[in-house]
Structure formats: C-alpha cells, structure tokens
Amino acid sequence: MLRRTLLATAAAGLGLMTAGGAMAAGMDKVKACFVYVGPIGDGGWTYQHHQGALAVQEAYGDKVEIQYQESVPEGADAERVLTQMALGGCNIIFTTSFGYMDPTNAVAAKFPDVKFEHATGFKREHPNVSTYNARFYEGRAVQGTIAGMMTKSNKIGYIGSFPIPEVMNGINAYYLAAKKVNPNVELSVVWAFTWFDPAKEADSAKALIDQGVDVIAAHTDSTAPLAEAAKAGGAVIGFGQASDMEAYKPSPRVSSIIDNWAPYYVERVGALLDGTYEQSDVWAGIAGGEVLIGDITDAVPAEVKAAAEKVRDDIAAGTLHPFTGPIKKQDGSDWLAEGATAPDGDLLGMNFYVEGITGDIPK
Amino acid sequence: MDFGGINPVILIASLMVASVPILLAALGELVTEKAGVLNLGVEGMMIMGAICGFITAVHSGSPVAGFVGGALGGAALSLVFAFVTQVLLANQVATGLALTLFGLGLSSLMGQNYNGIKPPLTGALLPATLREIPVVGPIVFGHDWMVYLSILVVAAVWWVLKATRLGLILRAVGESHEAAHALGYRVRLIRLGAIAFGGALAGLGGAYISLVRVPQWVDGITAGAGWIALAIVVFASWKPWRALIGAYLFGGITVLQLNLQAAGSRIPVEYLSMSPYLVTILVLVIMSSGRGRAALNAPAALGQNFHATR
C-alpha cells in the first residue's frame, strides 16, 4: 500500500517535473503565423488581426518571425494552408475566422508540437488548440442604444453574415438595447451569407436603406455598407465594424466596435517565448480591453452620446449585462427570468431571435 | 403604392443602377459575337476595367478619367485575346477561359496597394429639383451619367448593327467570313476591332462596379458578373434591346431578393439568393426549347477562326 502510494507519488512528481521542465524551457525564437479570411486591406476584421500581428513583431523584434496568408477560404483550402504552415516551421498558428474551426482541430491532431489558436470558435479537441474570442455583443449594446435614439423612421437594420451564435448575439443585443430606449423600434435583418463581398454588402445596405432603414449595423468585414450609407448624404448612419473605419467619420460612421487583438497576441506569443504557455479559452469584452468602442462623433446629439457612453461604462464596470431578463425568445417562450443574466453557454450556442424581431433565421 | 412592403419606384430605380455593369459587358460581347468571335474572357476584362478604372480615378481625381482608364484596361486585355486567336489562330474557347483567369490574377496584383482607398464620387447628373418629381423623378432623372450612357450605347449598337454599312460588314464577317473575305473585307482586322470594342465595354462595366456601385477596390470584385453577361447575350438572341431587358431582369431579381429580405418576407433566404441564377437558367432553357429561332439567330461563323489561305 505504502509502496504503491509512494510509487504513484513519485510517478506524479516525475510527471510534473517533466511537464514543468518542458514548460520552463521556453523558446529562443518563435515563428507566429496568421491565417486571414479576407485581404488585410478590408479595413475591418482582417486588418485588425493584422494590426495584432504587427504588434507582436513590434513587441519582440528579432525573437519572432511573422508569417501570414490572406484571403484563405473557410473549408478544405484552410486545411491545406494550415498544414503548409505547420510543415513550414510555424510554432504557433492563429486562425482568425469562425469557419476555420474544424480545419484547425483536424490539422492540430497531426502536429501536436505546434500551438493552434482559433478565434471565435468553441472546439478544443486537442491539448494544443486554444480558443479566443471577444464579447462583441457588448459593443452591439452600445450601438443599439445609439440606433434606438437616433432613428427617425424607427427602422434599424443589421447586415448579418452567417447565422452563427456570434452573429445572433450581436443582432439580439443590438435590438434589445435599441428597444430599451425606443419601444417603437423595428429591426430588419438582411443575411449576406458572406464575410467579405463588398458588392453584396453594399447591395444589402442599399436594400435596407430602400426599405426606410436609417441606422445600419453590419456584421460583415468591409467598409462597403458605410460607403453606401454615405451616399444618403447624412440621412443614414452606421458603425465601424471590427476596425474603427475612421475614414467615414463623423458621419455616417458615428461610432465603432474595434477588435483589439494586439494585447492577446502579444501575451500568447510571449508565453510561448518564456515557456508559460498553456491551453486556454479566453472570452474578454469591454472590461478586458478586447472590445473597444470607437470615438462617438458629434454627428449624434450630446445626450445620445452620454447615454451610449453610460452603457459602455456600466458594461465595463460589470453593473450592466446586455442580456438581462426578463427576455423571451421570438416564439414567446421564456429565456431569462426577471433580473437573470445570460449564462455564457447560452450565448455561445445562441440560435434564436429574441421576442420582437420579425423574420426567420435561415438554417 | 407598396407591394409586400416594397416600393416599386425605388425598386426600378435601383435595378437600373444594379444592371449597368452586366448590361455594358453584355453589349460588348454581343458586338464581338456578331463579328463571329466567342470571347469567354468577359469576366477577366471586366475586372481589369475595374482595377484600371479605379487606379486612374484615384490618381487623377476624376471619375470620368477613371471610366476612360477602365475602358482602356479592358480593351488592352482583349487585345491579348485578339492577338492569340486572330494572329496565332488559337482556340477561342480555351483562350477566353485563360483570359478570365489571367485577368483575375493580374488585377489582384495591380490592386495590391489600393485596398481601402476611396475613389472620387460619381454624383447624380441632373439637378435635385428634377429628381424630386414623384415616380418619374427617381426612375428617369435620379441617376449618374453612366446609367444614361449605358442606355445610349444600347441604342447606338442597335442602330449601327441594323442600319449602317459598318453593321452590315460586321454581320457579314460573323455570318460567313469566307464570303466577306471574297468581297474584299479584311476579316481579321474587323474582328480585331470588334474584340477591342467588346473589351472596352466590359472594362467600362467593371469600372462602374469599382467606382460607383461598391465603390472601392477588392480582389475579385466583379464576382461572376462577366458570366452573367455571357448568358445575357444568348438570352437576348444577339439583339441589343433584348440584352437590355435581360440585364434589367437579372439586376431586378438581385435587387428584389435583398429588398424582400429587408422588408421581412417569409420566403427563406436561400431561395431568394439563388433565384437570379435559377431564372437565368429557366429563361435560357425556354429560349432554346423553341428549336431553331434562338439557335438560328446565332452568327453562323461564331467561334471559328479565319485564315485567308485555307
């Protein structure tokens, strides 16, 4: 008995030591690779990830080598690109779109020594796969507040990419926040079924404007919806998405959600360098600095700006959750009871509209 | 005045804008095919027009110069096609497909530093007072000059093909190049001109996408518009005014499906998204089922190379 315990303890100790040894080893030089879903010049999502990559280079100089591939389609092509990167000596690979989830896990199985970091996904099937995400819906609540107060037609719009939980969070948070400040508000959702197709994004924005919508939020990656809104000559406003999109200030871009990946990338690559790297699942929001609210311009009245900033600050302070009950689902069934806030599990698997939004979610 | 939450006036006004690129490209291809040349590289020429027009407009600050640049870019690429098929007598189908792939790649290379830049704006042509007339205002007077130009080009192509000596020669070359040659016309030179004209119009259509409709540059911005233009030529049975109808039909359905979504239609999005393509296929099937008429209208020498010593 004693001997057995002793052996077990020794084995565990040995295990810890080797594990600890491997961790403490660190690395002299890290090759960090990034897979982008669009071109860096999209001015939005991919641009912002690339800023993060540049920040890593800035922070560690010679100790890191950056490699990236733009416009990688989600699916089989992604798997090929990932395999090539892993074979090409990448130590850590950041896959920066939801659709890379399965390819990332599949390739990670074949390269246990390479670290994989998948953005916005939830699958960590292997010990070398970590996930990271940002609580974009917190930013949507700020935008919804502006939208609800600014709309003159009481029609606000949302350009959806794909009906995945992240987008559903955004739509529902946007609508709930707008409804809170303007009970008459109606939301139109147009599904573009693309992350990046400026012609289609512009057409979607145009269709919304034709329908009388005067505040547009986009969940796609380019600046095309803002360019379309700009044609309306101040009658239609919108928001920068993923990046600040400051070229469209002060109007139609009245505020923005900025994805600030740089601190996370710097931290993770740093951890790999000094040997403290561990598998993780990070989901930070406004409070954690991963979601920044871009400057609210003077195109909105002071009281709107103040209300939006209060929402932002309350969320940062933790006193306000964008999903606070009572909230019912679209079909009238109960979701959150009075005063309850949405558990993360519900948000990560969200596949429904909240009560008041019309239309069906494409399957 | 609304049907299912959609205002038909606004719908017609926006479908006229959405159709300009495919209309111009289809007209260019129509003229090329009337001369007996099948150029499947429309997509490649359009995207070259899109990037060349964009670069010219950004550097000159003038949208008009941009459109000229776009037309030149499209024409320049079409001359590559003309050289390979008319001088070296290569297969037109294969060369056309290669031209598309080449155009997509070359435009991507040229556009490397032009992502995220805003081109100068192309405004409405007519004064605001005219545009505010109900119904007629938005449909007839509310557009930029390219929309009017595209309709003028339809009329011009129709008139030239139907009523002028040039049109007669062009058609003769396309129907029987050997007869035209025997009459003393320089078949390959005429075809070269037709190809360059087709390229210029495709380039103009592409420039409209990058300068007006989107307006910015990204890789693959034409997103298959060139293939639709090719289908419209067949749909129109090589008649200019029918090409206008075809282009408006296609543009109309594209705009309608997004509007239906925004208006909260209960029809699933997937059906709406595929409807333009479905209608195109349906129309092509119907057109060609009436054995003969549509097929008969195709230029007899379409796709055949000509060599005088044969």
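The values are calculated or read from the model by the stated rules, or taken from the named source; none is laboratory data. These figures come from a predicted structure and were not determined experimentally. Neighbour counts are summed over all protein chains in view; Cβ atoms, including those assigned to glycine, are modelled from backbone coordinates with ideal geometry. Heads up: the accessible areas ignore ligands, DNA and RNA and are worked out on the full protein's heavy atoms, side chains in. Shrake-Rupley method; radii C 1.70, N 1.55, O 1.52, S 1.80 Å.
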Completion exercise
Residues in region A:204-224 that are assigned to a helix (DSSP H, G or I), open to solvent by 10 Å² or more (accessible area, probe 1.4 Å) and more than 7 Å from chain B (Cβ to nearest Cβ) total 1
Handout entry: Failed condition for residue B:265, given (1) hydroxyl-bearing (Ser, Thr, Tyr); (2) surrounded by fewer than 22 Cβ atoms within 10 Å (Cβ to Cβ); (3) modelled with pLDDT of 85 or more
Key = (3)
Fill in the blank from the handout: Within region B:77-94, the residues that are open to solvent by less than 40 Å² (accessible area, probe 1.4 Å) and among the polar types (S, T, N, Q) are B:78, B:85, B:86, B:92
Exercise for the section: Considering every residue within region A:95-102, establish whether at least one is among the acidic types (Asp, Glu), closer than 21 Å to residue A:45 by Cβ, in a helix (DSSP H, G or I) and assigned by TED's automatic domain parsing to the domain that holds residue A:42. Expected result: yes
Handout entry: Residues satisfying the stated conditions in region A:274-283, i.e. surrounded by fewer than 18 Cβ atoms within 10 Å (Cβ to Cβ) and out of contact with any Pro (no Cβ under 9 Å at 6 or more places or on another chain)
Key = A:274, A:275, A:276, A:278, A:280, A:281, A:282, A:283
Handout entry: Subset of region A:31-80 [among the aliphatic types (A, V, I, L, M), within 15 Å of residue A:119 (Cβ to Cβ) and open to solvent by less than 20 Å² (accessible area, probe 1.4 Å)]
Key = A:32, A:35, A:53, A:56, A:72, A:78
Fill in the blank from the handout: Taking region A:286-344 and keeping residues open to solvent by 60 Å² or more (accessible area, probe 1.4 Å) and aliphatic (A, V, I, L, M) leaves A:287, A:292, A:302, A:317, A:337
Problem - Extreme residue, farthest from the other protein chains (Cβ to nearest Cβ), among residues of region A:65-86 that are touching a residue at least 12 places away in the same chain (Cβ under 8 Å) and assigned to a helix (DSSP H, G or I) - result: A:86
Completion exercise
All-but-one check, residue A:247 against (1) open to solvent by 10 Å² or more (accessible area, probe 1.4 Å); (2) modelled with pLDDT under 90; (3) in a loop (DSSP other than H, G, I, E, B); (4) not β-branched (Val, Ile, Thr), failing number (3)
Completion exercise
Conditions (1) part of a loop (DSSP other than H, G, I, E, B); (2) out of contact with any Pro (no Cβ under 8 Å at 6 or more places or on another chain); (3) among the hydrophobic types (A, V, I, L, M, F, W, C) -> residue A:266 fails only (1)
Exercise for the section: Report yes if residue A:187 is open to solvent by 20 Å² or more (accessible area, probe 1.4 Å), more than 7 Å from chain B (Cβ to nearest Cβ), more than 18 Å from residue A:97 (Cα to Cα) and aliphatic (A, V, I, L, M), otherwise no. Expected result: no
Exercise for the section: Determine whether residue A:199 is open to solvent by 10 Å² or more (accessible area, probe 1.4 Å) and either free of Cβ contacts under 8 Å to residues at least 40 places away in the same chain or within 29 Å of residue B:122 (Cα to Cα) (or both). Expected result: yes
